[in-house]
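Q: One structure, pasted below without further comment.
The values are calculated or read from the model by the stated rules, or taken from the named source; none is laboratory data. Note that the structure is a prediction, hence the values are computed from the model and not measured. Cβ: placed from backbone, ideal geometry, glycine included. Neighbour counts: every protein chain shown.
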């Protein structure tokens, strides 16, 4: 991912060189001076609320929920619920055992036919049953 930021060490932060032509010729090269924060990575099954902003270099683990209008400036582990400006952890969606089972099961990597068969499990609010069924299925995989 590009820097997605601007150089702060000159009088203007405007990236004249990206406009091409004489502006590119006359601007000092500064691409190497831009702050690179790495790739932004959005995990599987992440819900991004309306108008949220994910800053460069942030990693959101699988199953995260980002509340509407949040500004995410740091990374969060799988199955976190985050909100605010800057976004902060509101709570974990599930306990560590269920998170581990879900991450090992990786339902999002399964075939469409298998996901269809898994829908009763994936949409069940009975998390104890889900935990039990995932543990059984992982024992068979």
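Q: When region 46-74 is examined, which residues are found to be in a loop (DSSP other than H, G, I, E, B), crowded, with 17+ Cβ neighbours inside 10 Å and modelled with pLDDT of 95 or more?
A: Once the filter is applied, which keeps residues that are in a loop (DSSP other than H, G, I, E, B), crowded, with 17+ Cβ neighbours inside 10 Å and modelled with pLDDT of 95 or more, region 46-74 yields 46, 52, 58, 61, 62, 63, 64, 67, 70.
Q: Does residue 41 satisfy being out of contact with any helix residue (DSSP H, G or I) (no Cβ under 9 Å at 6 or more places or on another chain), exposed (fewer than 15 other Cβ atoms within 10 Å of the Cβ) and over 21 Å from residue 130 (Cα atoms)? Please lay out each step first, then the result.
A: Working: out of contact with any helix residue (DSSP H, G or I) (no Cβ under 9 Å at 6 or more places or on another chain): yes; exposed (fewer than 15 other Cβ atoms within 10 Å of the Cβ): yes; over 21 Å from residue 130 (Cα atoms): yes.
The answer is yes for residue 41.
Okay, residues lined up against (1) without any contact (Cβ under 8 Å) to a residue 12 or more places away in the chain; (2) more than 18 Å from the chain's Cα centre (by Cα); (3) under 27 Å from residue 7 (Cβ atoms):
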| site | (1), (2), (3) |
| --- | --- |
| 43 | no, no, no |
| 50 | no, no, no |
| 65 | no, no, no |
| 83 | no, no, no |
| 86 | no, no, yes |
| 117 | yes, yes, no |
| 122 | no, yes, no |
| 131 | no, yes, no |
| 139 | yes, yes, no |
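Q: Also, quick follow-up: Go through region 105-120 and count every residue that is assigned to a helix (DSSP H, G or I) and either modelled with pLDDT under 95 or within 19 Å of residue 78 (Cα to Cα) (or both).
A: Filtering region 105-120 for residues assigned to a helix (DSSP H, G or I) gives 105, 107-109, 112-120.
Adding the requirement that they be either modelled with pLDDT under 95 or within 19 Å of residue 78 (Cα to Cα) (or both) leaves 105, 107-109.
The number of residues fulfilling the criteria is 4.
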